[in-house]
Structures are given as structure tokens and as C-alpha cells.
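The next block holds one structure in the form of C-alpha cells; read it before the comments.
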Amino acid sequence: MATSTKPPRTDRRVSGSTPRAPRRVGFSQTLGRWDVKVSPYLYISPFFLLFALTGLFPLLYTAYVSMHQWHLIGGQGEFVGFENYAYVLQEPNFWKGIRNTFSIFLISTIPQLLIAIVLAALLDANLRAKTFWRMGVLLPYVVAPVAVSLIFGRLFSDQYGIINTLLGNIGIDPIGWHSDILPSHVAIASMVNFRWTGYNTLILLAAMQAIPRDLYEAAVIDGASRVRQFFSITVPMLRPTIIFVVITSTIGGLQIFDEPRLFDQLGQGGPSRQWMTATMYIYEVGWGNQKSFGRAAAVAWILFLIIIVVGLINFSLTRRIASETSTKSRKKVRR
């Protein structure tokens, strides 16, 4: 059979027609596209604007002031470079302030976090009047620092303090809370713990309530005790919150000012500066006899760098400890 071949069919309308002009996008469509792209940045822009205004600008302006001779009354002087930093690093009172700051920070922060975790675990249990106990834990945080300092100043008074009176009743010599270095740090650390333990307790309690209860039910079926549940389930699940609390406690502990400032009537950190912190030294340099804003700004920037370094160290250590704890708990569960 012979097959007939037909020529290919061409579309005359396509071949003969002129190319269409590109379709114009309307203004509403363009506005809609820009809305999708730009609106998320507009939503978060207030935070960055406030941060730039209240955080970044003061930080950069402090660095600018630290490079000049800047008097409290006379104002800006000539550019001196790092001369203010060199002067501050040679001052004995600066190193006393750094020593006292780290001592009070360690004495207050470590017990504070341990007590906060234990209190959070107790408040997470089935207790009567939970709201009452939780509000009671937060009550010291609401009290003004001045009132706390007045109360603890009376408790730790050298001559007529209640604590020295109780120690004398049991045959222990009075302790120089306002004259010795370590006792003064313990007294100030007790004020810090009184104010901030409840605050950290509620943060950890909120994190504990977010832990799935199925894990505890499975642990009870396996015969795990409450202590085993706490160290194998609660602590590993609190790792992000513990890291957050450690970092915030580090920032606040190294910037402590109210408690040591109000520990006595003079507010100078003791006769030999035995409890003067770094922030109190900034106040002394900037608003004291020197009235040098340039040197005070230099101390502020040095303290800022120290806080960053210590915060990173605490973050790495806390993360490593928490990861090791979670790894050990997983191995125990598999066994």
C-alpha cells in the first residue's frame, strides 16, 4: 500500500502574527510583592532601632569618650588614644575592683543556681497552694534594693548585728562583716541571692513544666526514683534554660552595683576598698575626685570585654557539661 505523506501543518496565526508586548505589572501587584518582601523586616525593625539607640550608640560613644580627656565639668579635651586604658590598668583600685567583682560573683552565682534548680523542682511537684508558693518565691525580687540593703546591713552589722549576736550566744567570736574581705563578700552575696534566686527559680520552673510528662511516666514504669528522674530527665532537658540563666547571671553578676554600694553608709566599698566592685570604681573615677569620664569609659569598655570573655567561657562549659550529662543518661536508659 502506498502511503501518502502530508506536509507539516503550520500555524499561520502564530507565524504571521507579530510578537506580543510584555504584559505590564500593575501597581497593586508590585506593591503586594514589596509587601511580602519588606514587611517582615518592618515588623522586627523596632527592636533593632531601639537596640541601636539604647545599646549600640552608647557603646560606640563610650569607646569614643575613652579615647579623649573628658572632664565631668570641662567637657571634651584632646585626643589621647589608649592613654586612659594604660592609666587604669596601672591603678591598684582597679584590680581590687576586678578581684572583688569576681569573688562576689562566684560566691553568689553558684549557690544561687543550685538553689534555684532545687526550688523549681519542689514547686513543680504536686503541692497545695502552688500559686501562693510561687508568688512567695518571687516576692524578694519585687523588694527595692535599698530596702534589702538596709535589712541586711542590720543583720550583718559588726557591733550590734543579729548574726554576730547569735554567733556570740554559741561561743563564736564576732565576724568583721564590714572590715574583712571574705566576710563582706559573703554578706553582699547573700543579698544578691535573696533578690535573684526566686527570679531564676521561676524561669527554671517554666522550663520544667514544658518537659513532656510521658518521659516521667516511662521512668516510673521502669522503676526510676525521683532522684534518678531529676538527674536523668530534668537536668538534661533544662540545658538551654540553664545556659540562658548562666549567661544572664554572668552579665548581672559582673555588673553588680546596688548591693555593695548600699552595704554601708559611705558607699565607697569599705575603708580599704575591700568590697568595691568594678562598677563602683567606674562611679568613683567618673563622679568622684577625678571626675574623668575618659578613664571611666575606659574601665567600662574593659569590663565589657571581660563580660564577653567570661560569658563565652560559661557558655562553652555549661554546654559541654549538659551534653555529657545527657549522653550519660541516654546510655543508662539504653542499658
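The values are calculated or read from the model by the stated rules, or taken from the named source; none is laboratory data. Since this is a predicted model, take the numbers as computed values, not measurements. Note: ideal-geometry Cβ built from the backbone for every residue, glycine included; neighbour counts use all protein chains shown. For the accessible areas, the whole protein counts, side chains as well, though only heavy atoms, and no ligand, DNA or RNA atoms are used. Shrake-Rupley method; radii C 1.70, N 1.55, O 1.52, S 1.80 Å.
A few notes on this one:
- Cα-derived Rg over Rh, computed across the chain with Rh taken as Kirkwood radius: 1.25
- For the range 192-333, relative contact order (Cα pairs under 8 Å, six or more residues apart, normalised by length) works out to 26 percent.
- For His68, the solvent-accessible surface computed with a 1.4 Å probe is close to 20 Å², ligands and nucleic acids excluded.
- Accessible area of the chain belonging to carbon and sulfur atoms, whole % at 1.4 Å probe: 65 percent
- Kirkwood's formula applied to the C-alpha pairs of the range 163-239 gives a hydrodynamic radius of 16.1 angstrom.
- When the chymotrypsin sites (Phe, Trp or Tyr not before Pro) in the range 147-249 are filtered for DSSP coil states and for at most 16 other beta-carbon atoms within 10 Å of their beta-carbon, the remaining sites are Tyr160.
- The alpha-carbon atoms of the range 94-283 define a convex hull whose volume equals 144 cubic angstrom per residue.
- Cα gyration tensor shape of the range 71-203, rounded if a/c is under 1.5, else prolate or oblate by comparing a/b with b/c: oblate
- Under 20 Å of direct C-alpha separation, and excluding same-chain neighbours fewer than eight residues apart, Lys291 reaches these aspartates and glutamates: Glu78, Glu83, Glu91.
- Accessible surface ranking for Leu72, Leu150, Leu113, 1.4 angstrom probe, highest first: Leu150, Leu72, Leu113.
- Surface analysis of the chain yields an accessible area of 66 Å² per residue, using protein heavy atoms and a 1.4 Å probe.
- Relative contact order (%) - criterion: Cα under 8 Å, at least six apart; region: the chain: 25 percent
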